[in-house]
């Protein structure tokens, strides 16, 4: 079925290197980085899935998928990569309708994945100590049309959590152990904690603190993703590889 | 907030080794494997999150989470593990409301993950050549209360796909290359194909076939998960490890 | 060139599962585990490389290689695997003629690899607190005909090192940090320290102590070996895998 | 024991980034890349292990170890890394006195490791089709003072092997399968074949050919080395990582 870009649509342009540019067709005529000067209303009426030329470059025009939103976001802080977001969501059993808290918001990358998962009836509560991070992240959420699922708060999560009966809490802060007792109180019975930490000592201190509360199914894992290069001559793992992102620690509240 | 088991609830019992038993409180008095002879209506009125003794064993009683449903299912065929299901869902950008096809259904493990993700308004179409697999899998889906999101078909996906404009198609069959042209026709523009194959030659033949059609963002990856053992003496990767599950190949349709 | 088993030879029998049995042809008639009751002089005059029947089993008869000696040794303590021994020898630049110290001796596995490497003019000094380990290990060294390259000492290496100007020192003890200052004094300038530790905290304490002395090229690594299953249908990493052995830390003395 | 640089010594200079420069004290005054213009006889009488200033840079002066020779060689072709050389030597059970063949010679990296291992009484036979590679590699061997252990031949190993009763043969060529029958004939009973190949299809074809001859203990492996970053804040795997080098396939000749 042929589908065309409508008024109010946000589109993603994908160039031949699969670099992605998310553009709101209601946006104003401007210089769009990597694309050039365009009037975004130009895209209205174009056919989704087709390649077109803009300036001297070829772009496919597509409806933005979750991966497009994650790969097309503007970074300010370090982000949690899609591979780790995927494991976080799965191992915390996050699903449509859930109420989830994350701290901090960073560039909003995990926020986008969480908001997509809990939509349309759930809610993401997002704490960050820095208002500039929240503002930057919410621009990304807004471009992804997911801002309505997110409630932000300029707050240090180690100082307390206002919400109750949460389905899951994800901590991407340097000292997750300082928030564990608040997490315990804010989770519903059966709810999940996830912490993301690059260093061994962070994991050790966090697990030590987790063990002081009634958590079960405490586990730590590292996710490694190997890209495989496939050609007519055979296949092999890529020579380049991201060696480490962070350790993910999970725990589940019981009474 | 204290929450109690209500009539019609399905609960999960978690034993001290974190083995899980999903039980429908409407079920009949019977011998439940790993639990013993019980009348499931016994659980109505109990408090979620608390541990209780049944027979001589201790069980936590919880609302079944996605992970509980995946870990508690009864296996007939090999399953796609949660780690690979998570990457599949993320890299195919599957979300609430999507229409997704999978083949084959196996024991219904990936089906449970997909149904949870597309609920409440999406649909999973699940093909399998073997009716006994479909029947077995649907018992698992039924226990997980996700059967209403799934439409099954006794059919070989390499013989054709009836649905159109699908958001994603996931192939866990020995010869995914034979289904690629049908996949191309059944996907919406921008929709994703994912194939799961343990062997190098399967990946090579699949990618070769994918390249004959208008797919972009073709990539193959292997996900490795290392369990980390954390104790008061420090931490280390687990000595035991699952060395390989399968290669995941992704591609995205354009016109 | 056909080569036959001579008097005084030690041979290795390799069964159809590649399990290995090292046997001294001068040994007495006895029950040999996995082989049966045999008079070892029976093998004299047989052709190396050929398969023969003993009892109801088939065995290849070969001259024992380093790998045969490592795989055929009798274990009492945990051993350092060939994969880690190989990296230790390479990254410590151990070669023929070198004087090397190890502590503890364990079952003599690393000792066999070291003795093979420094032969014929070098020396391995091997400390262990437990005389029973030394005795057991030297039986393995003796069977491998490498005992003449090894000098053992019932001694705690953290109490001091008697030798001087060593080319390399390898520590496989629970508290390598306690031996670092003795190691520094016992190494020649340019000589290497290697420590083998399973846990993060062991590595951290060891590196902290190493940094208090004049060592350069301090590095820690983990070696992961994936077995690849190759068949006419293609190849894939093995489903079974050893997830972790230990971290190897290296450092090099300067003045 | 203080040891000083003597006449005819070759030294290694190690800068503060641990970059290495191998210099023959008999060499002529020249511009040495990364060091500057020096008269190498300047180093005679200096103390091994000490740091000294040359130009404005600090260098440690050391006796070249095997790792120095490998890290200090000049590259022309792709090299087999020390990690893979170590596994090759271990799994082929190569030791002092052995006769070993390699093809091709590349930049002489593996040749240096093999020559160090078989010294002083063994021999490395090294085939390469390209005379310029042999010339370049032998300059590296000469600088490492290992050239006397190596005999080179401008020859395609798939056309035949002149030597007999070899202890091991290592193939780093694009089509190792074409040399397998020659390898079988050239090995002693119990001798080892090793092939190094980056691609799946190379491994598959090689193993297929190996299975046509009387080889046992056929195995393929991939070695992955993770660098661990250790600081006072804890440790973690390095973010940067080499994702793949090559697959190593081993086999052992029987009659």
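Any read-out appearing in this document is the output of simple, stated calculations on the displayed coordinates, not a laboratory observation. What you see is a predicted model, and the numbers here were worked out from it, not measured in a lab. Counting neighbours? That spans all protein chains shown, and the Cβs are built from the backbone with ideal geometry, glycine included.
In the elastic network of chain A, a GNM with C-alpha springs shorter than 10 Å, the most mobile of A:235, A:90, A:138 is A:235.
Between identical copies, the spacing of residue D:74 label points, each set 7 Å from Cα toward the C-beta atom, reads 5.0, 5.5, 7.3 nm from nearest to farthest.
Reported to the nearest whole Å, the Cα centre-to-centre distance from segment D:90-114 to segment C:181-255 is 23. In segment C:1-149, the convex hull through the Cα atoms has an average projected area of 9.5 nm², a quarter of its surface area.
Could you tell me how many cubic angstrom of Cα convex hull volume segment C:10-64 has per residue?
Numbers: hull volume 3.8 nm³, N = 55.
Cα convex hull per residue, to the nearest whole number: 68 Å³.
Protection proxy ranking for D:39-46, B:222-229, B:6-13, using the average of other Cβ atoms within 10 Å per residue and placing the highest first: B:222-229, B:6-13, D:39-46. To test your reading of the geometry: what angle, between 0 and 90 degrees and rounded to tens, separates the Cα axis of helix A:82-91 from the longest principal axis of chain A? Taking Cα atoms only, the helix is inclined about 40 degrees.
Highest mobility in the GNM of chain C, judged by mean-square fluctuation with C-alpha springs under 10 Å and restricted to C:166, C:242, C:114, is found for C:242. Considering chain A as a Gaussian network with a 10 Å cut-off on Cα pairs, which listed residue, A:135, A:217, A:163, attains the greatest mean-square fluctuation? Its mean-square fluctuation being the largest, the pick is A:217. Per-residue shielding of B:91-103, expressed as the average number of other chain Cβ atoms within 10 Å of the residue Cβ, stands at 3.
Compared with the dominant principal axis of the Cα atoms in chain A, helix A:200-210 is inclined by about 60°.
Relative to the longest principal axis of the Cα atoms of chain D, helix D:109-118 runs at roughly 80 degrees.
The distance between label points at residue B:7 and residue D:148 comes to 9.7 nm (points 7 Å beyond Cα on the Cα→Cβ vector).
When a/c is below 1.5 the answer is rounded, else prolate if a/b is larger than b/c, else oblate, so apply that to segment C:99-197 with a ≥ b ≥ c taken from the square roots of the Cα gyration tensor eigenvalues.
On the way: a/c = 1.93, a/b = 1.28, b/c = 1.51.
Since a/c reaches 1.5 but b/c is at least a/b, the shape of segment C:99-197 is classed as oblate.
Report for segment C:70-253 the percent antiparallel among DSSP-assigned beta bridges with both residues inside it, nearest 5.
Working: 16 of 35 bridges.
Rounded to the nearest five, the antiparallel share is 45 percent.
Residue and distance for the chain B Cβ closest to the axis that moves B onto D, in whole Å, come to B:200, 2. Per residue, the convex hull spanned by the Cα atoms of segment C:199-238 measures out at 70 cubic angstrom.
Position residue B:135: other-copy label points at 6.4, 6.6, 7.7 nm, ordered by increasing distance, label point 7 Å along Cα→C-beta. Relative contact order for chain D: 13 percent, from Cα pairs under 8 Å spaced at least 6 residues apart, divided by residue count.
Per residue of D:212-222, how many C-beta atoms from partner chains lie within 10 Å of its own C-beta, taken as a mean?
4
Distances between equivalent label points of residue C:29 across the copies, with each point positioned 7 Å along Cα→Cβ, amount to 7.1, 8.1, 10.6 nm, shortest listed first.
For segment A:41-63 versus segment C:1-66, the spacing of their alpha-carbon centroids is 74 Å. The distance from the alpha carbon centre of segment A:124-174 to that of segment B:165-180 is 37 Å, rounded to a whole number.
Taking every DSSP beta bridge with both residues inside the protein assembly as shown, roughly what % is antiparallel (nearest 5)? Could you put the intermediate results ahead of the total?
On the way: 156 of 232 bridges.
Bridges in the protein assembly as shown that DSSP calls antiparallel: roughly 65 percent.
Note on residue D:56 and residue C:227: their simple-model spin labels are 5.6 nm apart, each label 7 Å out from Cα toward Cβ.
Normalised by 2.2 N^0.38 Å, with N the number of residues, the alpha-carbon radius of gyration of chain B equals 1.12.
Using just the helices of chain C, give the 222 nm mean residue ellipticity in deg cm²/dmol: DSSP H runs with n ≥ 4 each add -39,500 (n - 2.57), and the total is spread over all residues, rounded to 500. It would help to have the intermediate numbers written out before the result.
On the way: 6 runs with 57 residues, N = 255.
Calculated from helices alone, the mean residue ellipticity at 222 nm is -6500 deg cm²/dmol.
With viscosity set to 1.567 mPa s at 4 °C, what whole-number translational diffusion coefficient in µm²/s follows for segment B:142-215 from Stokes-Einstein and a Kirkwood radius over Cα pairs? Rounded to a whole number, D works out at 97 µm²/s. Average projection, convex hull of the Cα set of the protein assembly as shown: 45.6 square nanometres.
What does the average come to when, for each residue of peptide A:62-73, you count the partner chain Cβ atoms lying within 10 Å of its Cβ?
Numbers: counts 7, 5, 2, 12, 7, 8, 4, 1, 2, 1, 0, 0.
For this peptide, the per-residue mean of nearby foreign Cβ atoms is 4.
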